[in-house]
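Asks: A single structure is presented below for examination.
The values are calculated or read from the model by the stated rules, or taken from the named source; none is laboratory data. Since we're looking at a predicted model, the values are computed, not measured. Cβ sites come from the backbone with ideal geometry, for glycine too, and all protein chains shown count toward neighbours. Only protein heavy atoms, including side chains, enter the accessible area calculation; ligands, DNA and RNA are left aside. Shrake-Rupley method; radii C 1.70, N 1.55, O 1.52, S 1.80 Å.
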Amino acid sequence: MSSSNRLLVKNAQQVVLICSGGQKYLTGHELQSLSVIENGSVVIGGDGLIKAVGPAETIAARFSEATFDKVIDASGMCVLPGLVDAHTHPVWAGDRVHEFAMKLAGASYMDVHRAGGGIHFTVEHTRAAAASDLLTSLKSRLVRMQRAGTTLVECKSGYGLELHAELKMLQVIEEAGRSLPINISSTFCGAHAVPRGKTEAEATEDVLQVQLPLLKEQMSAGNLKVDNIDVFCERGVFDVASTRSILRAGKDMGLNINFHGDELHPMNAAQLGAELGALAVSHLEEVSDEGIAAMAEAKTAAVLLPTTAYILRLPQPRARDMLEAGVIVALGSDFNPNAYCCSMPIVMHLACVNMKMSMTEALAAATINAAYALGRSHTHGSLEVDKHGDLLLLNATRWEHLIYQLGGHQELVRYVVVKGNVV
Ligand code: NIG
Ligand code: FE
């Protein structure tokens, strides 16, 4: 008999589905306990999609092992959906290890930025870098993320700040997605900073009149695929009016709105996100009560980034207030030269310890809710029939080890599977 199924993962101690009713996100009391099968199996079909998930004996009765290309005996292991990282800046040249010392000595993020460091430093190096070098470093970063369990990752441009360098970054992201078995959601972030020598008004004009029209042309010609639009809405960077005009223009092109807001100063960015129908606003360390209520109402996800608050010693994002108000809370690593973290398990650990999230809240935030923030929760973020067969197998008998163990994930994450293939 010819085999028609790609992978059987059988007899896992726990299979963490996250949810099992086709939910697009989880909020409030739904986060108190996630859907888990004790002693379960997962079937991934020849198309890479989940065909069945259930108790081991039910699956064994339904499917003959002879029909599978590969069988993994997961006895003593846990199976979880692949992790989703909802916010990264992974394409850049020139690290900023020197700035870490400055920050430890007391310099703030904006002190470093105004002194010509920060994003400006990275922009200079990224503009000068060859696309092939950016691709090589991006791929090695994505592989590191994948080894820690990430199977869907949002990747931003934003260290070009002018047409050609921004397009170069987006092309590099697309090429990485073609050559690696990892799912990417790609984001145009040409308004990540005001480039040196320009005013905010000039930079806004450049994004609106030059970068976005050319991006649209490339997308319509089928040369480039981009999913989201982002702006760094911050005092001294892009104000609310500029942010609104750029995000609206992006939305008119069919991009999802997913932007940086209320990070260092309260800007009413959360309200702006709700007004514009944003899928997500990231950071939100300085969000107001009104902003929280507006996001809950509009179903705009809050992408919280525990590494940023940790490294910059910022106030912690108000995760508890958001969860209690019914906001869709997601997590991201914010991987960038300021926050050099490729590991979603560390992000979940920080979210639990520093932001007071429970482990079930953190796992949902790093799976189904992060997928929602990227407009992908119909295909990713939980182990449900017809979703992508993206999963992790943990060398542990309880899934909570993924968050409890701080670091050392190469040992803990035994297999990473993308569309039914072990990667
Ligand atoms: O999300 N806040 C703006 N953007 C990034 C930092 C980028 C950088 O410092 O290079 C962030 O933390
Ligand atoms: Fe960011």
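Asks: Could you pull out the residue among E65, E38, E99, E30 that is over 24 Å from T151 (Cβ atoms) and either modelled with pLDDT of 95 or more or away from ligand 1 (no atom under 16 Å from the Cβ) (or both)?
Replies: E65
Asks: Do we have A165 as open to solvent by less than 30 Å² (accessible area, probe 1.4 Å), among the aliphatic types (A, V, I, L, M) and in contact (Cβ under 8 Å) with a residue 12 or more places away in the chain here?
Replies: Answer is yes for this residue.
Asks: So, one more: Right, H260: assigned to a loop (DSSP other than H, G, I, E, B) and either on the phi > 0 side of the Ramachandran plot or open to solvent by less than 60 Å² (accessible area, probe 1.4 Å) (or both) or not?
Replies: So H260 fails the test.
Asks: Tally the residues that are more than 13 Å from ligand 2 (Cβ to nearest atom) and part of a loop (DSSP other than H, G, I, E, B), restricting the search to segment 268-307.
Replies: 9
Asks: Residues that are assigned by TED's automatic domain parsing to the domain that holds V91 and of a type in the set (V, I, T): list the helices (runs of 4 or more DSSP H) wholly contained in segment 320-423 that include at least 1 such residues.
Replies: Hits in segment 320-423: 344-355, 359-365, 368-373.
Asks: Might you let me know whether segment 20-40 holds any residue that is away from ligand 2 (no atom under 16 Å from the Cβ), surrounded by fewer than 14 Cβ atoms within 10 Å (Cβ to Cβ), of a type outside the set (D, E, K, R) and farther than 26 Å from P345 by Cβ?
Replies: yes
Asks: Out of the residues in segment 168-199 that are in contact (Cβ under 8 Å) with a residue 40 or more places away in the chain and in a loop (DSSP other than H, G, I, E, B), which is surrounded by the fewest Cβ atoms within 10 Å (Cβ to Cβ)?
Replies: Of everything passing the filter in segment 168-199, R196 is surrounded by the fewest Cβ atoms within 10 Å (Cβ to Cβ).
Asks: Give the residues of segment 374-386 that are open to solvent by 10 Å² or more (accessible area, probe 1.4 Å) and over 17 Å from the mean Cα position of the chain (by Cα), sorted by residue number.
Replies: Within segment 374-386, E384, V385, D386 qualify.
Asks: From L214, L208, grab the single residue that is part of a helix (DSSP H, G or I), aliphatic (A, V, I, L, M), under 28 Å from E286 (Cβ atoms) and open to solvent by 40 Å² or more (accessible area, probe 1.4 Å).
Replies: L208
Asks: Still on this structure: Just the residues that are closer than 25 Å to I184 by Cβ, more than 16 Å from ligand 2 (Cβ to nearest atom) and either surrounded by fewer than 20 Cβ atoms within 10 Å (Cβ to Cβ) or among the small types (G, A, S) (or both), please, taken from segment 308-350.
Replies: S343
Asks: Hey, another quick one. Quick check, is S242 more than 16 Å from ligand 2 (Cβ to nearest atom) and buried (at least 21 other Cβ atoms within 10 Å of the Cβ)?
Replies: It is true that S242 is more than 16 Å from ligand 2 (Cβ to nearest atom) and buried (at least 21 other Cβ atoms within 10 Å of the Cβ).
Asks: Still on this structure, I have one more. Output the qualifying pairs, or none if there are none: Cβ atoms under 6 angstrom, residues six or more apart or on different chains, first residue in segment 330-345 and free of Cβ contacts under 8 Å to residues at least 60 places away in the same chain, second residue open to solvent by 10 Å² or more (accessible area, probe 1.4 Å) and within 11 Å of ligand 1 (Cβ to nearest atom).
Replies: Hits for this filter: A339/I311.
Asks: May I ask you to list pairs of residues, at least six apart or on different chains, whose Cβ atoms are under 6 Å apart, with the first in segment 252-263 being closer than 16 Å to D85 by Cα and the second being within 16 Å of ligand 2 (Cβ to nearest atom) and open to solvent by 10 Å² or more (accessible area, probe 1.4 Å)?
Replies: As it stands, the answer is N258/L279, since those pairs meet every condition given.
Asks: Shifting gears a bit: For S382, are the conditions met, namely being of a type in the set (S, T, N, Q), within 16 Å of ligand 2 (Cβ to nearest atom) and touching a Cys at 6+ places or on another chain (Cβ under 7 Å)?
Replies: no
Asks: So S132 fits all but one of (1) outside any helix (DSSP H, G or I); (2) of a type in the set (S, T, Y); (3) surrounded by fewer than 23 Cβ atoms within 10 Å (Cβ to Cβ); what number is the exception?
Replies: (1)
Asks: Considering every residue within segment 331-344, establish whether at least one is over 29 Å from F121 (Cβ atoms) and either β-branched (V, I, T) or under 20 Å from the mean Cα position of the chain (by Cα) (or both).
Replies: Checked against the condition, which is being over 29 Å from F121 (Cβ atoms) and either β-branched (V, I, T) or under 20 Å from the mean Cα position of the chain (by Cα) (or both), segment 331-344 yields no hits at all.
Asks: Separate question: Would you confirm, using the coordinates I've provided, whether I173 is out of contact with any Cys (no Cβ under 8 Å at 6 or more places or on another chain) and in the same structural domain as A221 (by TED's automatic domain parsing)?
Replies: Against the criterion (out of contact with any Cys (no Cβ under 8 Å at 6 or more places or on another chain) and in the same structural domain as A221 (by TED's automatic domain parsing)), I173 does not qualify.
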